[in-house]
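Visitor: One structure coming up, written as C-alpha coordinates, with questions to follow.
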Amino acid sequence: QVYKTFDSMAHSFLFWTQELFKRDLLAPGAHILGLTNWMTDSVLPGTGLIAATKEALGAYNRHLARELGPHGYRVNLLKFGGVFTPAVEKTFGEARLQRLRKVLGRLATTHNISTVDEVARFVSVLAADSTSRFNGATIDFTGGESQGFFDVIMNDAILDGD
(Lines give C-alpha, C1' and ligand atoms only; values in the text may rest on other atoms or scores of the structure.)
Protein backbone atom coordinates (compact mmCIF):
# COMPACT_ATOMS: atom_id res chain seq x y z
CA GLN A 1 0.00 0.00 0.00
CA VAL A 2 2.97 2.35 0.46
CA TYR A 3 3.68 2.78 -3.24
CA LYS A 4 0.00 3.04 -4.15
CA THR A 5 -0.61 5.68 -1.48
CA PHE A 6 2.43 7.77 -2.45
CA ASP A 7 1.51 7.47 -6.13
CA SER A 8 -2.08 8.59 -5.60
CA MET A 9 -1.51 11.27 -2.96
CA ALA A 10 1.85 12.82 -3.86
CA HIS A 11 3.70 11.55 -6.92
CA SER A 12 0.66 11.99 -9.19
CA PHE A 13 0.67 15.75 -8.42
CA LEU A 14 4.30 16.00 -9.49
CA PHE A 15 3.95 13.80 -12.58
CA TRP A 16 0.75 15.44 -13.86
CA THR A 17 2.19 18.92 -13.39
CA GLN A 18 5.43 17.99 -15.15
CA GLU A 19 3.54 16.43 -18.07
CA LEU A 20 1.20 19.39 -18.46
CA PHE A 21 4.19 21.72 -18.57
CA LYS A 22 6.26 19.51 -20.87
CA ARG A 23 3.38 19.15 -23.35
CA ASP A 24 2.63 22.91 -23.22
CA LEU A 25 -0.91 22.23 -21.97
CA LEU A 26 -0.95 24.88 -19.22
CA ALA A 27 -2.87 28.04 -20.03
CA PRO A 28 -0.93 31.28 -19.66
CA GLY A 29 -0.81 32.18 -15.96
CA ALA A 30 -2.21 28.80 -14.89
CA HIS A 31 -2.71 28.16 -11.19
CA ILE A 32 -1.96 24.61 -10.07
CA LEU A 33 -3.49 23.70 -6.74
CA GLY A 34 -2.93 20.57 -4.66
CA LEU A 35 -5.02 19.62 -1.67
CA THR A 36 -3.66 18.69 1.74
CA ASN A 37 -4.80 18.61 5.35
CA TRP A 38 -3.29 19.02 8.79
CA MET A 39 -2.62 15.30 9.13
CA THR A 40 1.06 16.26 8.79
CA ASP A 41 0.80 18.29 12.01
CA SER A 42 -0.18 15.37 14.25
CA VAL A 43 0.65 11.76 14.92
CA LEU A 44 -2.33 9.42 14.92
CA PRO A 45 -1.97 5.65 14.87
CA GLY A 46 -2.78 4.23 11.46
CA THR A 47 -2.25 7.47 9.54
CA GLY A 48 1.54 7.69 9.29
CA LEU A 49 1.55 6.77 5.63
CA ILE A 50 -0.96 9.50 4.80
CA ALA A 51 1.06 12.04 6.79
CA ALA A 52 4.24 11.06 4.96
CA THR A 53 2.59 11.43 1.55
CA LYS A 54 1.23 14.85 2.47
CA GLU A 55 4.74 15.93 3.54
CA ALA A 56 6.07 14.77 0.15
CA LEU A 57 3.29 16.72 -1.53
CA GLY A 58 4.42 19.84 0.34
CA ALA A 59 7.98 19.41 -0.88
CA TYR A 60 6.79 18.91 -4.46
CA ASN A 61 4.66 22.04 -4.16
CA ARG A 62 7.58 24.25 -3.11
CA HIS A 63 9.92 22.90 -5.78
CA LEU A 64 7.37 23.06 -8.58
CA ALA A 65 6.53 26.66 -7.64
CA ARG A 66 10.22 27.55 -7.86
CA GLU A 67 10.64 25.79 -11.21
CA LEU A 68 7.42 26.98 -12.86
CA GLY A 69 7.19 30.48 -11.36
CA PRO A 70 9.59 32.03 -13.92
CA HIS A 71 7.27 30.67 -16.65
CA GLY A 72 4.29 32.54 -15.19
CA TYR A 73 2.66 29.61 -13.39
CA ARG A 74 1.70 29.32 -9.74
CA VAL A 75 1.73 26.15 -7.67
CA ASN A 76 0.15 26.04 -4.22
CA LEU A 77 -1.42 23.70 -1.70
CA LEU A 78 -4.68 24.27 0.08
CA LYS A 79 -4.68 22.84 3.59
CA PHE A 80 -8.30 22.34 4.52
CA GLY A 81 -9.81 21.17 7.76
CA GLY A 82 -11.81 18.09 8.54
CA VAL A 83 -14.13 17.34 5.65
CA PHE A 84 -16.07 14.12 5.49
CA THR A 85 -15.25 12.43 2.20
CA PRO A 86 -15.29 8.77 1.14
CA ALA A 87 -11.53 8.62 1.86
CA VAL A 88 -12.06 9.83 5.44
CA GLU A 89 -14.89 7.35 5.94
CA LYS A 90 -12.72 4.50 4.67
CA THR A 91 -9.77 5.53 6.86
CA PHE A 92 -11.69 5.88 10.13
CA GLY A 93 -14.75 3.60 10.01
CA GLU A 94 -18.18 4.41 11.42
CA ALA A 95 -17.48 4.28 15.18
CA ARG A 96 -14.44 6.54 14.96
CA LEU A 97 -16.25 8.82 12.49
CA GLN A 98 -18.87 9.65 15.13
CA ARG A 99 -16.15 10.60 17.58
CA LEU A 100 -14.32 12.54 14.88
CA ARG A 101 -17.46 14.54 14.07
CA LYS A 102 -17.81 15.48 17.74
CA VAL A 103 -14.16 16.49 18.07
CA LEU A 104 -13.98 18.39 14.77
CA GLY A 105 -17.10 20.29 15.70
CA ARG A 106 -15.20 21.57 18.74
CA LEU A 107 -11.82 22.13 17.10
CA ALA A 108 -12.65 24.86 14.60
CA THR A 109 -12.82 28.33 16.07
CA THR A 110 -16.37 28.62 14.69
CA HIS A 111 -17.32 25.15 16.00
CA ASN A 112 -18.48 23.90 12.60
CA ILE A 113 -17.07 21.30 10.24
CA SER A 114 -15.95 22.33 6.76
CA THR A 115 -17.93 21.03 3.81
CA VAL A 116 -16.76 19.98 0.38
CA ASP A 117 -18.76 22.89 -1.11
CA GLU A 118 -17.09 25.38 1.23
CA VAL A 119 -13.65 24.18 0.16
CA ALA A 120 -14.69 24.34 -3.51
CA ARG A 121 -15.86 27.95 -3.14
CA PHE A 122 -12.52 28.92 -1.61
CA VAL A 123 -10.64 27.19 -4.43
CA SER A 124 -12.47 29.47 -6.86
CA VAL A 125 -11.27 32.47 -4.82
CA LEU A 126 -7.68 31.25 -5.11
CA ALA A 127 -8.02 31.12 -8.89
CA ALA A 128 -8.50 34.90 -9.03
CA ASP A 129 -5.70 37.20 -10.18
CA SER A 130 -5.92 39.03 -6.83
CA THR A 131 -4.20 36.05 -5.18
CA SER A 132 -1.26 36.02 -7.58
CA ARG A 133 1.29 36.55 -4.78
CA PHE A 134 0.62 33.04 -3.50
CA ASN A 135 3.21 30.73 -5.02
CA GLY A 136 4.78 27.74 -3.30
CA ALA A 137 2.47 28.38 -0.36
CA THR A 138 0.45 26.06 1.78
CA ILE A 139 -2.68 28.10 2.43
CA ASP A 140 -4.37 27.35 5.73
CA PHE A 141 -8.13 26.94 5.34
CA THR A 142 -8.62 24.80 8.44
CA GLY A 143 -10.82 27.18 10.39
CA GLY A 144 -8.30 27.14 13.21
CA GLU A 145 -8.80 23.43 13.91
CA SER A 146 -5.23 22.88 15.02
CA GLN A 147 -5.51 25.82 17.44
CA GLY A 148 -8.21 24.03 19.44
CA PHE A 149 -6.57 20.61 19.37
CA PHE A 150 -5.12 20.63 22.89
CA ASP A 151 -8.27 22.17 24.35
CA VAL A 152 -10.26 19.22 23.04
CA ILE A 153 -7.91 16.51 24.28
CA MET A 154 -7.37 18.15 27.68
CA ASN A 155 -11.07 18.87 28.30
CA ASP A 156 -12.84 15.66 29.34
CA ALA A 157 -16.27 17.28 28.99
CA ILE A 158 -15.68 17.79 25.26
CA LEU A 159 -14.65 14.20 24.67
CA ASP A 160 -17.29 12.69 26.94
CA GLY A 161 -20.07 14.69 25.29
CA ASP A 162 -20.97 16.93 28.25
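Visitor: Looking only at residues that are touching a residue at least 60 places away in the same chain (Cβ under 8 Å) and closer than 26 Å to A27 by Cα in segment 42-63, which one is surrounded by the most Cβ atoms within 10 Å (Cβ to Cβ)? Before you say what the answer is, go through the steps one by one.
Guide: The first filter runs over segment 42-63 and keeps only residues touching a residue at least 60 places away in the same chain (Cβ under 8 Å), leaving 42, 58, 61-62.
With closer than 26 Å to A27 by Cα added as a condition, the list becomes 58, 61-62.
Working: G58: 18, N61: 25, R62: 16.
Going through the qualifying residues, I end up with N61.
Visitor: Determine whether G29 is out of contact with any Pro (no Cβ under 7 Å at 6 or more places or on another chain), open to solvent by less than 30 Å² (accessible area, probe 1.4 Å) and not hydrophobic (A, V, I, L, M, F, W, C). It would help to see each step written out before you state the result.
Guide: Values: out of contact with any Pro (no Cβ under 7 Å at 6 or more places or on another chain): yes; open to solvent by less than 30 Å² (accessible area, probe 1.4 Å): no; not hydrophobic (A, V, I, L, M, F, W, C): yes.
Taking the combined requirement at face value, the residue does not satisfy it.
Visitor: Related question: Limited to segment 1-53, what total is found for residues that are of a type outside the set (G, A, S) and assigned to a helix (DSSP H, G or I)?
Guide: Step one: filter segment 1-53 for residues of a type outside the set (G, A, S), giving 1-7, 9, 11, 13-26, 28, 31-33, 35-41, 43-45, 47, 49-50, 53.
Okay, now just the ones that are also assigned to a helix (DSSP H, G or I), so 2-7, 9, 11, 13-22, 38-41, 49-50, 53.
Count: 25.
Visitor: Related question: Take F122 and tell me if it is on the phi < 0 side of the Ramachandran plot and under 13 Å from the mean Cα position of the chain (by Cα).
Guide: Numbers: on the phi < 0 side of the Ramachandran plot: yes; under 13 Å from the mean Cα position of the chain (by Cα): yes.
Criteria met by F122.
Visitor: Among the residues of segment 11-48, write down those that are among the hydrophobic types (A, V, I, L, M, F, W, C) and under 15 Å from the mean Cα position of the chain (by Cα). Quick ask: steps written out before the conclusion?
Guide: We begin by selecting, within segment 11-48, every residue among the hydrophobic types (A, V, I, L, M, F, W, C); these are 13-16, 20-21, 25-27, 30, 32-33, 35, 38-39, 43-44.
Within segment 11-48, F13, I32, L33, L35, W38, M39 meet the criteria.
Visitor: Considering only segment 19-41, state which residues are without any contact (Cβ under 8 Å) to a residue 40 or more places away in the chain and over 23 Å from V116 (Cα atoms). Break it down stepwise before answering.
Guide: Going through segment 19-41, the residues without any contact (Cβ under 8 Å) to a residue 40 or more places away in the chain turn out to be 19-20, 22-25, 27, 39-40.
Result: E19, L20, K22, R23, D24, L25, A27.
Visitor: Just for segment 99-121: of the residues that are loosely packed, with under 12 Cβ neighbours inside 10 Å and not polar (S, T, N, Q), which one is farthest from I32 (Cα to Cα)?
Guide: Filtering segment 99-121 for residues that are loosely packed, with under 12 Cβ neighbours inside 10 Å and not polar (S, T, N, Q), the one farthest from I32 (Cα to Cα) comes out as H111.
Visitor: Here's another thing I want to ask about it. Considering each of S130, S124 in turn, give the residue that is part of a helix (DSSP H, G or I), out of contact with any strand residue (DSSP E or B) (no Cβ under 9 Å at 6 or more places or on another chain), at pLDDT 80 or above and open to solvent by less than 90 Å² (accessible area, probe 1.4 Å). Let's see the steps before the verdict.
Guide: Numbers: S130 fails: open to solvent by less than 90 Å² (accessible area, probe 1.4 Å).
The conditions single out S124.
Visitor: Give the number of residues within segment 64-116 that are closer than 30 Å to A27 by Cα, of a type outside the set (F, W, Y), touching a residue at least 60 places away in the same chain (Cβ under 8 Å) and outside any helix (DSSP H, G or I).
Guide: 7
Visitor: Sticking with this structure for a sec: If we keep just the residues of segment 70-92 that are open to solvent by 30 Å² or more (accessible area, probe 1.4 Å) and of a type in the set (G, A, S), which is nearest to T47 (Cα to Cα)?
Guide: Here the residue is A87.
The values are calculated or read from the model by the stated rules, or taken from the named source; none is laboratory data. It should be emphasised that the depicted structure is a prediction, and the values quoted were computed from it without experimental measurement. All Cβ positions, glycine included, derive from the backbone under ideal geometry; neighbour counts span all protein chains shown. Ligands, DNA and RNA are excluded from the accessible area calculation, which covers all protein heavy atoms including side chains. Shrake-Rupley method; radii C 1.70, N 1.55, O 1.52, S 1.80 Å.
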